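For reference, the structure is listed below as structure tokens.
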Number of protein chains: 2
Amino acid sequence: MEYLKISQILKDQPVGKEITVKGWLRSVRKNKSFSFLVLNDGTCQGTLQVIVDADAVENYEEVSSLLIGSCVRIDGLIVESGGKGQSVEMQGKAVEIYGKTDESYPLQKKGTSLEFLREKAHLRPRTNLFGAVFRVRHQLAMATHKFFDQQGFYYLNSPILTAVDAEGAGEMFQVSTMDLANIPKHKDGSVDYSTDYFGKETSLCVTGQLEGECFAMGMGSVYTFGPTFRAENSNTPRHLSEFWMIEPEVAFMDLEGNAKLAQDYIQFLIKHTMENTSEELEAIDKFLGFQAKQNKEKYESHLPILEKVRDTKFEVISYTDAIDILNKSGKKFEFKPEWGVELQTEHERFLSEEHFKGPVTVTDYPKDCKAFYMKQNEDGRTVRAMDVLVPGVGEIIGGSQREEDLGKLKQRISEMGMHEDPLWWYLELRKFGTAPHSGFGLGFERAIRYVTGMSNIRDVIPFPRTPKNCDF
Amino acid sequence: MEYLKISQILKDQPVGKEITVKGWLRSVRKNKSFSFLVLNDGTCQGTLQVIVDADAVENYEEVSSLLIGSCVRIDGLIVESGGKGQSVEMQGKAVEIYGKTDESYPLQKKGTSLEFLREKAHLRPRTNLFGAVFRVRHQLAMATHKFFDQQGFYYLNSPILTAVDAEGAGEMFQVSTMDLANIPKHKDGSVDYSTDYFGKETSLCVTGQLEGECFAMGMGSVYTFGPTFRAENSNTPRHLSEFWMIEPEVAFMDLEGNAKLAQDYIQFLIKHTMENTSEELEAIDKFLGFQAKQNKEKYESHLPILEKVRDTKFEVISYTDAIDILNKSGKKFEFKPEWGVELQTEHERFLSEEHFKGPVTVTDYPKDCKAFYMKQNEDGRTVRAMDVLVPGVGEIIGGSQREEDLGKLKQRISEMGMHEDPLWWYLELRKFGTAPHSGFGLGFERAIRYVTGMSNIRDVIPFPRTPKNCDF
């Protein structure tokens, strides 16, 4: 008998065909002479209802007593369904029980808050909500590869282990194979790394950008898509210690091209996801509405905003103009907007949500707000940075044109009190055949959070890592 | 003027059109009244020859004196080429110099051994050989996503930071934010992890399989594609400390299905790469032949073997039969084949290269050779493991059906002297709705090495990490 996945069955509706289906029970309704089993196999949002007659299967007593979450194989006949909201159902002929559950199974119909499910991250992909979230995540990843591949970008696996603090931020995880109970030390008490695996201090990467630049300066257009790490002590719904990042880097591209690429990419992500996971987005939206209602909160679906971002040309303004707009707005902010200081989320959200009522890219930030590698403008005060702001979250992408002039780059490194030595190879990109180039970074989980509307970033990554939390 | 990439120019051959091209000089040949500049921009293996007349451009003296590796923008007219092996060339009208090089530029025509280029990993993507290798790498990654996505698999980002030693091998990198010069300790001298970032001992993952199983047991079919780490002290051409791995995991799939999936995947990888990077594979083959000749070694192209693996049904035999074949072969091995001992590379290569003369999948290994999670056979001696062996390298894929029975799994964990506690969540997959399931792992760099024919694994990853080596 042919084994069909539930997504296929719902799509092809093979009425009159005897087939096999395999999956987990979402519900069991037992009557005297027949039972309804509702089955999901993870291949789609939908479920298949199976009617099992008491005299149709040998093990009816056992089958009809199965609990939610049990795993079964069912052979049966696909028939048209009389039930509301379902096109076909199955008449069960034989049921094999792969695995039962018991009363301790945590995913009961009630009492499964998002917080609770985070502690059951090994089981939550079996729920309706998380199945939807992770299918959207999958499609966002596929859209990313498709977008860049189609435009001739090469996928670059930048290194995870690194001896360079590329952002100069210092919040890095150390990596070592030394016996931590017996760290070898120099006479002055400092750590002697000579016996460590790499023979020197090593950390987990915070970005793949610098290595991306190496490859762009030879292969033209590249993008990374890999894990990055921050050892910040931030316990917020917006921060993860381990997250995935996408970083394109393009030779011969200036800031205008960079802004255009960022717009195209975000719009492609939304378009692809809406086309391929509309049922999932609706299921999540429904859940969020339900959750808000339970908490007696107002709920406004984010899906219309997503559509607007997908279809609207992104405004582009300078940071200086943005400060002007903020100061003339008459709006009272917690932090007063001030030239020379990085924009706060409240400013970013005001610009995109209230002033422009749509996505906006802010360019040319004060140089002291930004990293050493950004291209310096002739005004001596600003750099060719850009942040893309979208309604609902504020900044979603940060990027820049890179400083391609060796002398200016060295001067900036010195001004910022950084050391040239570990960056010798990065500087050589400017010494040998330098070229204008630009790139940006998108936090993958921030994008998933944005597209799904999920409020906590821990609910859009399979196994979240946060301070004091490295379970599973 | 329209800016075209060299891949587009060679494909579309826009003869008679004035366009802009940007790239790095592969060679410069200066004559009295004109010069030949050969340009590559990383978009393909090919180059564009540009003829610059002395009186056609203002800065002729400077342009004709440029060194290899310099970066330029050239406006010019595309014309048919009289030169051998090239369809079109360009008559240069204006040249902008983005970045010069000097005599210290390491990528001169001569003296660039692979060893030397490893120390210039930031520049080697600019070479003909490494451009080819990394374009093949890109296509293998795209093929991987395409293969699994088309079959309804979901891409899973399994966690990198972990508190579990999933293979029980112990060769893991530790991760910490504690001050290594002042490690807090308990009274007995052991490390006090309570103040560490995660509050416990944490490492870098060696596999994503266990988390893959969590997702397969709800979403059906998943695959990981991410970095994994081994802190082994292996300085060989086959080992990296940081490498990328692909691990599919499928609910309701038995070992036969697993072997079929592995064959389909490998054949798809080869097919896709041969279709999309034939020029690159030929360029690498040519280089390897040239290198062998220089070293006075015999060279046999691996491309015919690749084609055979692409087109041949993989044989499937049991480990017990394999031992039999080896012992009856009359061949003298360094290590005598013996039931109960893992096959050596010489055995694996004999089986695929000499005996079967093609790919072969060996199944049902002695349980003591394999990991705790493999499904136990009824004979009490073997497990449902499989290794896929291909001519040229031996093992390329390892996998198994997983033990789905909670009792048997617990017993095996205990037999092997492992602890159940950190695996509580993994065990719960068997407690709640367990199902037959299988999966395998493919080391991405081993696959690239196999497809390209490159002999050292450090030459197929952008920035290799090996003992005492974490540069860039």
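Structure above, values below:
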| read-out | value |
| --- | --- |
| Residue in segment B:276-293 that is surrounded by fewer than 20 Cβ atoms within 10 Å (Cβ to Cβ) and within 14 Å of another protein chain (Cβ to nearest Cβ) present | yes |
| Positions within segment A:91-138 being over 30 Å from A:Leu303 (Cβ atoms), of a type in the set (Lys, Arg) and more than 8 Å from every other protein chain (Cβ to nearest Cβ), in sequence order | A:Lys93 |
| Residues of segment A:405-420 classified as within 27 Å of B:Ile68 (Cβ to Cβ) and either of a type in the set (S, T, N, Q) or open to solvent by 10 Å² or more (accessible area, probe 1.4 Å) (or both), total | 6 |
| Scope segment B:106-128; condition in a loop (DSSP other than H, G, I, E, B) and open to solvent by less than 10 Å² (accessible area, probe 1.4 Å); matching residues | B:Ala121, B:His122, B:Leu123 |
| Checklist (1) under 25 Å from B:Ser455 (Cα atoms); (2) touching a residue at least 40 places away in the same chain (Cβ under 8 Å) applied to B:Asn295, failing item | (2) |
| Meets criteria (more than 25 Å from A:Glu428 (Cα to Cα), buried (at least 21 other Cβ atoms within 10 Å of the Cβ) and out of contact with any Phe, Trp or Tyr (no Cβ under 9 Å at 6 or more places or on another chain)) for B:Ile74 | no |
| Any hit, segment A:310-331, residues being modelled with pLDDT under 95, open to solvent by 50 Å² or more (accessible area, probe 1.4 Å), part of a helix (DSSP H, G or I) and not aliphatic (A, V, I, L, M) | no |
| Among the residues listed as A:Phe243, A:Phe215, the single one being open to solvent by 10 Å² or more (accessible area, probe 1.4 Å) and of a type in the set (A, V, I, L, M, F, W, C) | A:Phe243 |
| Filter result for A:Gln150 (open to solvent by 20 Å² or more (accessible area, probe 1.4 Å), among the polar types (S, T, N, Q) and farther than 23 Å from B:Asp196 by Cα) | yes |
| Matching residues, segment A:21-49, being within 14 Å of another protein chain (Cβ to nearest Cβ) and among the basic types (Lys, Arg) | A:Lys22, A:Arg26 |
| Filter pass, A:Ser35 being at pLDDT 95 or above, of a type in the set (S, T, N, Q), surrounded by 19 or more Cβ atoms within 10 Å (Cβ to Cβ) and over 38 Å from the mean Cα position of the chain (by Cα) | yes |
| Any hit, segment B:455-462, residues being over 23 Å from the mean Cα position of the chain (by Cα), within 12 Å of chain A (Cβ to nearest Cβ) and open to solvent by less than 10 Å² (accessible area, probe 1.4 Å) | no |
| Some residue of segment A:12-25 being part of a strand (DSSP E or B), at pLDDT below 95 and surrounded by fewer than 17 Cβ atoms within 10 Å (Cβ to Cβ) | no |
| Residue identified as open to solvent by less than 10 Å² (accessible area, probe 1.4 Å), under 20 Å from B:Leu343 (Cβ atoms), in contact with a helix residue (DSSP H, G or I) (Cβ under 9 Å, 6 or more places away or on another chain) and in contact (Cβ under 8 Å) with a residue 40 or more places away in the chain among B:Ser400, B:Ser438 | B:Ser400 |
| Whichever residue in segment B:246-275 is open to solvent by 30 Å² or more (accessible area, probe 1.4 Å) and farther than 17 Å from B:Phe148 by Cβ and, among such residues, is nearest to the chain's Cα centre (by Cα) | B:Met274 |
| Boolean, B:Val95 is touching a helix residue (DSSP H, G or I) at 6+ places or on another chain (Cβ under 6 Å) and either of a type outside the set (Phe, Trp, Tyr) or assigned to a loop (DSSP other than H, G, I, E, B) (or both) | yes |
| Exclusive hit being assigned to a loop (DSSP other than H, G, I, E, B), surrounded by 21 or more Cβ atoms within 10 Å (Cβ to Cβ), in contact with a helix residue (DSSP H, G or I) (Cβ under 6 Å, 6 or more places away or on another chain) and touching a residue at least 40 places away in the same chain (Cβ under 8 Å), set B:Val133, B:Val164 | B:Val164 |
| Selection within segment B:215-251 - among the aliphatic types (A, V, I, L, M) and either over 13 Å from B:Ile160 (Cβ atoms) or within 11 Å of chain A (Cβ to nearest Cβ) (or both) | B:Ala216, B:Met217, B:Met219, B:Val222, B:Ala231, B:Leu240, B:Ile246, B:Val250, B:Ala251 |
| Members of segment A:415-429 found to be at the interface with another protein chain (Cβ under 7 Å from one of its Cβ atoms) and without any contact (Cβ under 8 Å) to a residue 12 or more places away in the chain, listed by number | A:Glu428 |
| Residue that is farthest from the other protein chains (Cβ to nearest Cβ), among those in segment A:77-90 that are in a loop (DSSP other than H, G, I, E, B) and open to solvent by 40 Å² or more (accessible area, probe 1.4 Å) | A:Gly82 |
| Condition check for A:Tyr450: more than 13 Å from chain B (Cβ to nearest Cβ) and buried (at least 20 other Cβ atoms within 10 Å of the Cβ) | yes |
| Scope segment A:430-447; condition at the interface with another protein chain (Cβ under 7 Å from one of its Cβ atoms) and hydrophobic (A, V, I, L, M, F, W, C); matching residues | A:Phe432, A:Ala435 |
| B:Thr112 under 23 Å from A:Glu213 (Cβ atoms) and free of Cβ contacts under 8 Å to residues at least 24 places away in the same chain | yes |
| Residue that is modelled with pLDDT of 95 or more and aliphatic (A, V, I, L, M), where the choices are B:Met418, B:Met454 | B:Met454 |
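Every residue, every condition in (1) surrounded by 23 or more Cβ atoms within 10 Å (Cβ to Cβ); (2) closer than 30 Å to B:Asn258 by Cβ; (3) at the interface with another protein chain (Cβ under 7 Å from one of its Cβ atoms), yes or no:
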site: B:Asn157; (1), (2), (3): yes, yes, yes
site: B:Ile183; (1), (2), (3): no, no, yes
site: B:Gly189; (1), (2), (3): no, no, yes
site: B:Asp192; (1), (2), (3): no, no, no
site: B:Val206; (1), (2), (3): no, yes, no
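The values are calculated or read from the model by the stated rules, or taken from the named source; none is laboratory data. Small disclaimer: the values here were computed from a predicted structure and weren't measured. For neighbour counting, all protein chains shown are included, and Cβ atoms are generated from backbone atoms with ideal geometry for every residue, glycine included. The accessibility values were calculated without ligands, DNA or RNA, using every heavy atom of the protein model including side chains. Shrake-Rupley method; radii C 1.70, N 1.55, O 1.52, S 1.80 Å.
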